[in-house]
Each structure stands twice: as C-alpha cells, then as structure tokens.
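K.L.:
Have a look at the structure that comes next, please.
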Amino acid sequence: MSSGRTLPRGTMTLFFSVLWLLSSVICSTGFADCKSELVATQQGLEATRAGVEQAADGPAAARCTAHRRHYAAMVKFRDLLGRCDTGKTKAENLAQLNASIDDFRKKMPPGCQP
C-alpha cells in the first residue's frame, strides 16, 4: 500500500465522466478552436493524473508539485468548459466540475495548496 495520497476515486470518476460527456457536447457544436483545445486539455489531464499517481510514494515536494499541476489542469478544463459549452446543462456541468476541483483541493497534501 502506498504511503502517499492518491486521487480520490469518486472524484476522478465523476470528473472524467463529465469530461467525456462534455467532449461530445463541445465537439458537436462545431467550434474548431474548442475542439482542439479539448483534445489538448484531455491529454494534459491524463498526464497530470498519472503524475499524481506516480508521485504518490515520492518525496513530499514531488507529491505537492504533481498535485498542483493536476489542480491547474482541472481549472484549465473548467475554464474551457465555461467558454465552449453551449449545452442546456452548462451550469450543472460547471457546478459538478467546481465540486470536483474543490474536493481535489481539499485532499491535497498538507501544506500544499494551489
């Protein structure tokens, strides 16, 4: 068992479920810029999520850096959503993402806030 903190499973499951749902909404709107940004953001989120997992057993400084990067990637996606989501559930999607981001922030290692 790892001694470091890992991502809360429920939070990440919800976050990536919303991400998947929104990718179809955003891509169907025909916004080429949003579409390309979404792809890049998805790749960034996956990379930073993996970074958090890899840093879980590492030194505190590495864990903190990984958590801060992932937090920033989550915020970047939320900002992208706010700009690109034109669906009827935009406010609900943003609220879910804000809750996921807040939950992740609260579970960051002690002394490591964004």
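Computed from the coordinates by the stated procedures, all read-outs in this text should not be read as laboratory data. It should be emphasised that the depicted structure is a prediction, and the values quoted were computed from it without experimental measurement. Here Cβ is always computed from backbone atoms with ideal geometry, including for glycine, and neighbour counts include all displayed protein chains.
K.L.:
Grab the Cα-Cα distance for Glu53 and Asp33, subtract it from 0.36 nm times how many residues apart they are, and report the gain in nm with one decimal.
P.N.:
Extending this stretch completely gives an extra 4.2 nm.
K.L.:
I would also like to ask the following. Can you tell me the order of 87-95, 73-81 when each peptide is scored by its average per-residue count of other Cβ atoms within 10 angstrom, highest first?
P.N.:
Put in order of decreasing packing, that is 73-81, 87-95.
K.L.:
What does the charge dipole of the stretch 32-106 about its Cα centre add up to, to the nearest 20 debye, if the Cβ of each Lys and Arg holds +1 and the Cβ of each Asp and Glu holds -1?
P.N.:
On the way: 12 positive and 10 negative charges, 32 e Å.
Dipole size: approximately 160 debye.
K.L.:
Note the full-extension length gain between Lys76 and Arg105 as 0.36 nm times their separation in residues minus their Cα-Cα distance, in nm to one decimal.
P.N.:
Between Lys76 and Arg105, full extension yields 9.0 nm more.
K.L.:
Right, here's the next one. Under 24 Å Cα to Cα from Lys88, which lysines show up? Leave out anything in the same chain fewer than 8 places away.
P.N.:
Lys35, Lys76
K.L.:
What is the extension gain from Leu94 to Gln113, computed as 0.36 nm multiplied by their sequence separation minus the C-alpha to C-alpha distance, in nm to one decimal?
P.N.:
Gain on stretching Leu94 to Gln113: 4.7 nm.
K.L.:
Using the basic label-point model (7 angstrom from Cα toward the beta carbon), what is the Gln43 to Ala61 distance in nanometres?
P.N.:
Each label point lies 7 Å from its Cα, and together they span 3.0 nm.
K.L.:
If you average 1/r across every pair of different Cα atoms in the stretch 32-106 and take the reciprocal, what Kirkwood value do you get, in Å?
P.N.:
Averaging 1/r across every pair of different Cα atoms and inverting gives 13.1 Å.
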